[in-house]
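Notes to accompany the following structure.
The values are calculated or read from the model by the stated rules, or taken from the named source; none is laboratory data. Note that this is a predicted model, so its numbers are computed, not measured. Here the Cβ is made from the backbone with ideal geometry for all residues, glycine too, and neighbour counts use every protein chain on show.
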Amino acid sequence: MMKARGKVGFHLLLKSRFWVIFLFGALLFGIRWTKGAGYLDFYSVLLKPILPGTAQREWIKEGENIERSIRLKLLEDDNNRLRKALSLKQFNSEQRISAAVLSRSSRNWWQLLEINKGAEDGVLKGQTVIGPGGLIGLIDSTTPLTSRVRLLTDPGHQVGAWIDRTKRHGILTGMGTNRPKLIFLNKNTLAKIGDAVTTSPASTLLPPNLTIGIVQFVDEKALPSPYAIVQLTASPEAIDWVQILKNND
């Protein structure tokens, strides 16, 4: 009789252990299957009455304010950069000569524009030519009634350039393509894609701070000097009228 009762108790113990192990295994499987979502929900319900407290709310609010300030500053910087990139320095009518484009060879090896104003209109070799978007090139030669503009993209054509954000000088060099190369004079350029490129504020051949373009690519490891590829903001292929600046002071 005692043995029978012992066997029954043993079987009940085994069954109870089986169900405990089974339920524990099922719980682990459920946590694994739901990736702990139910456990986290349960945990959050337990903590909800005490979190976040007053101090935590202040920290969260302060963090949000800091994030908002940073985003606003970045937006302001981008806005100022784009405004600078898209604006032209203002010259009065006595300082500039408007001219129509007669022909263009911007896709040939010699990248030039022919315009309908020449020496009789006061156009001189070396004067600056601008258009909607920024600097286009320089007067290369004149006749009494026409002039030839050598574009910034013309192979070997070089002008001094400047990135105001990094305070770095460079030489903008035409390569026969629609995007010239900016060769930096400093080994550490600090340049980034999107930087505005202008004429150098120290230039004596060109008016300072004329918009040239936007940095599209930077190679810091290039030898012998790092360089950037610049997308011009004034596209000669789409310009029908230009302005010649009478002086470069």
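Looking for something over 21 Å from the mean Cα position of the chain (by Cα), at pLDDT 85 or above, surrounded by 11 or more Cβ atoms within 10 Å (Cβ to Cβ) and in a helix (DSSP H, G or I) - is there at least one such residue anywhere in region 100-118?
No, there is no match, as no residue in region 100-118 is over 21 Å from the mean Cα position of the chain (by Cα), at pLDDT 85 or above, surrounded by 11 or more Cβ atoms within 10 Å (Cβ to Cβ) and in a helix (DSSP H, G or I).
Every residue in region 214-249 that is modelled with pLDDT under 90 and of a type in the set (Gly, Ala, Ser), please.
Ala222, Ser225, Ala234, Ser235, Ala238
Name the single residue, out of those in region 157-173 being touching a strand residue (DSSP E or B) at 6+ places or on another chain (Cβ under 7 Å) and not in a strand (DSSP E or B), that is modelled with the lowest pLDDT.
Our first condition is that a residue be touching a strand residue (DSSP E or B) at 6+ places or on another chain (Cβ under 7 Å); within region 157-173, this holds for 157-164, 168-173.
The next check asks that each one be not in a strand (DSSP E or B); those that pass are 157, 164.
On the way: His157: 91, Asp164: 88.
Here the residue is Asp164.
Among (1) out of contact with any Leu (no Cβ under 9 Å at 6 or more places or on another chain); (2) modelled with pLDDT of 90 or more; (3) not polar (S, T, N, Q), where does Trp59 come up short?
Result: Trp59 passes all but (2).
When you scan region 184-192, do you find a residue that is assigned to a strand (DSSP E or B) and in contact with a His (Cβ under 8 Å, 6 or more places away or on another chain), even just one?
If we filter region 184-192 for residues that are assigned to a strand (DSSP E or B), which is where we start, we get 184.
With in contact with a His (Cβ under 8 Å, 6 or more places away or on another chain) added as a condition, the list becomes 184.
Checked against the condition, which is being assigned to a strand (DSSP E or B) and in contact with a His (Cβ under 8 Å, 6 or more places away or on another chain), region 184-192 yields at least one hit.
Select from region 119-132 the residues that are surrounded by 18 or more Cβ atoms within 10 Å (Cβ to Cβ) and among the hydrophobic types (A, V, I, L, M, F, W, C) and write down the one among them that is nearest to Thr211 (Cα to Cα).
Ile130
Tally time: how many residues in region 211-238 are assigned to a loop (DSSP other than H, G, I, E, B), crowded, with 19+ Cβ neighbours inside 10 Å and hydrophobic (A, V, I, L, M, F, W, C)?
Residues flagged as assigned to a loop (DSSP other than H, G, I, E, B), crowded, with 19+ Cβ neighbours inside 10 Å and hydrophobic (A, V, I, L, M, F, W, C) within region 211-238 amount to 1.
Is one or more of the residues making up region 194-205 in the same structural domain as Asp121 (by TED's automatic domain parsing), over 23 Å from Leu245 (Cα atoms) and under 17 Å from the mean Cα position of the chain (by Cα)? Can you show your working first?
Residues of region 194-205 that are in the same structural domain as Asp121 (by TED's automatic domain parsing), as a first pass: 194-205.
Within this subset, residues satisfying the condition of being over 23 Å from Leu245 (Cα atoms) are 194-195.
Narrowing the set further to residues that are under 17 Å from the mean Cα position of the chain (by Cα) leaves 194-195.
Yes.
Testing Gly176 on (1) at positive phi; (2) not in a loop (DSSP other than H, G, I, E, B), one condition comes back false. Which one is that?
Here Gly176 clears every test but (2).
Name the residues in region 133-155 that are surrounded by fewer than 22 Cβ atoms within 10 Å (Cβ to Cβ), of a type in the set (Ser, Thr, Tyr) and not in a strand (DSSP E or B), would you?
Thr143, Thr146, listed by residue number.
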